[in-house]
Structures are given as C-alpha cells and as structure tokens.
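Notes follow the structure.
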Amino acid sequence: MNILSYLIPISLILGGIGLLAFVYTVRSNQYDDPEGDARRILSDDWDDRPKP
C-alpha cells in the first residue's frame, strides 16, 4: 500500500503534463485543418514543380 503513495502523485503529474501539452497544441492552432493537407496531396490543382 505504500507504493500507492508514490504512484498516484506520479500519475497525476504525468497526466497534468499531457494535458498541458494538449492545451498548448490547441492554442497554437495545430489542429486547424488536418483533412485539408490530406486532400491537397491528392489534388492536381496545386503543383509544386518549377515552371519551365
């Protein structure tokens, strides 16, 4: 039972770090358009090749 006094705070700290990392990524707009890039790869409208 003494091990639980170590494991519970460690798990809460790691969960808090994960939550803070998620909030940071949401606030920095990393999830704005995840489907757009996938569709843009398959489209021929945007061509990255140099023009002759």
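What is the one condition in (1) aliphatic (A, V, I, L, M); (2) at pLDDT 85 or above; (3) surrounded by fewer than 10 Cβ atoms within 10 Å (Cβ to Cβ) that residue 42 does not satisfy?
Tallying (1) aliphatic (A, V, I, L, M); (2) at pLDDT 85 or above; (3) surrounded by fewer than 10 Cβ atoms within 10 Å (Cβ to Cβ), residue 42 fails exactly one: (2).
Report the residue count in region 1-39 for those that are part of a helix (DSSP H, G or I) and either of a type in the set (Ser, Thr, Tyr) or modelled with pLDDT under 70 (or both).
Here the count works out to 7.
The values are calculated or read from the model by the stated rules, or taken from the named source; none is laboratory data. Only a predicted model underlies this, so the values are computations on that prediction, with no experimental measurement involved. Using ideal geometry, Cβ is built from the backbone for each residue, glycine included, and neighbour counts are taken over all protein chains shown.
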